[in-house]
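Quick notes on the structure that follows.
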Amino acid sequence: MLSLFVVAFVSATLLPGGSEVWLARQWCLGQPVLALWLVATSGNTLGSLVNVWMGRYARRFQNRRWFPASPQGLARAEGWYHRFGEWSLLLSWAPVIGDPLTVLAGIFRLPWWRAILLITVAKGTRYAVVLYLAQAWLAPLCQ
């Protein structure tokens, strides 16, 4: 279970990872479904909160030459974020866009409790779907 937590945590940061595959593997090994869901959801949520934390402190470096976003890019991101708002964090589970959304939530100072709630709902739903699909499709392969 510790390995699932670590893989889920790292997968939620800006580093690549494959927590869904690891979750399905652990399910095939007979681990309890509720425990798998809790461990994967908490690890992935905490990893996303690292992104939020990085975003909260990233703005202080925006005038540095090495900062990854131009002032124009940051203004576009801010307009997009204000247009779609905090509810965009419900897409924090999605590949490619999910991690940057969590960083933007930090940059634009979304209150911690809202970030935690929205990210947990998104990540928990994704892992519930993964476990449901594992039970529906992988059961014969796990024998």
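The values are calculated or read from the model by the stated rules, or taken from the named source; none is laboratory data. Please read all numbers here as calculations on a predicted model, not as lab measurements. Heads up, the Cβs are rebuilt from the backbone with ideal geometry, glycines too, and the neighbour counts pull from every protein chain shown. Please note that ligands, DNA and RNA were not included when accessible areas were found on the heavy atoms of the full protein model with its side chains. Shrake-Rupley method; radii C 1.70, N 1.55, O 1.52, S 1.80 Å.
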Review point. What about LEU38, is it touching a residue at least 24 places away in the same chain (Cβ under 8 Å), over 16 Å from ILE97 (Cα atoms) and not in a loop (DSSP other than H, G, I, E, B)?
Key: no
Check your understanding: Is one or more of the residues making up region 111-124 farther than 17 Å from ASN44 by Cβ, of a type outside the set (Gly, Ala, Ser), out of contact with any Phe, Trp or Tyr (no Cβ under 9 Å at 6 or more places or on another chain) and part of a loop (DSSP other than H, G, I, E, B)?
Key -> yes
Review point. Going by the conditions given, is TRP87 of a type outside the set (Lys, Arg), open to solvent by 100 Å² or more (accessible area, probe 1.4 Å) and in contact (Cβ under 8 Å) with a residue 24 or more places away in the chain?
Key: yes
Practice item. Being surrounded by 11 or more Cβ atoms within 10 Å (Cβ to Cβ) and among the basic types (Lys, Arg) is the filter here, so list the residues in region 46-84 that pass it. Key: ARG56, ARG59, ARG76
Point to revise | Residue identified as among the small types (Gly, Ala, Ser) and open to solvent by 50 Å² or more (accessible area, probe 1.4 Å) among ALA136, ALA115 | key: ALA136
Practice item. Return the residue satisfying two criteria in turn: it lies in region 90-110 and is open to solvent by 70 Å² or more (accessible area, probe 1.4 Å), among the aliphatic types (A, V, I, L, M) and not in a helix (DSSP H, G or I), and of such residues it is modelled with the lowest pLDDT. Key: VAL96
**Study point:** Enumeration of residues in region 1-25 that are polar (S, T, N, Q) and at pLDDT below 85
**Key:** SER11, THR13
Review point. Considering only residues of region 1-29 that are under 16 Å from the mean Cα position of the chain (by Cα) and without any contact (Cβ under 8 Å) to a residue 12 or more places away in the chain, which is least open to solvent (accessible area, probe 1.4 Å)?
Key: GLY18
Study note, to complete from the structure: For region 30-45, the count of residues that are over 15 Å from VAL121 (Cα atoms) and open to solvent by 10 Å² or more (accessible area, probe 1.4 Å) equals 6
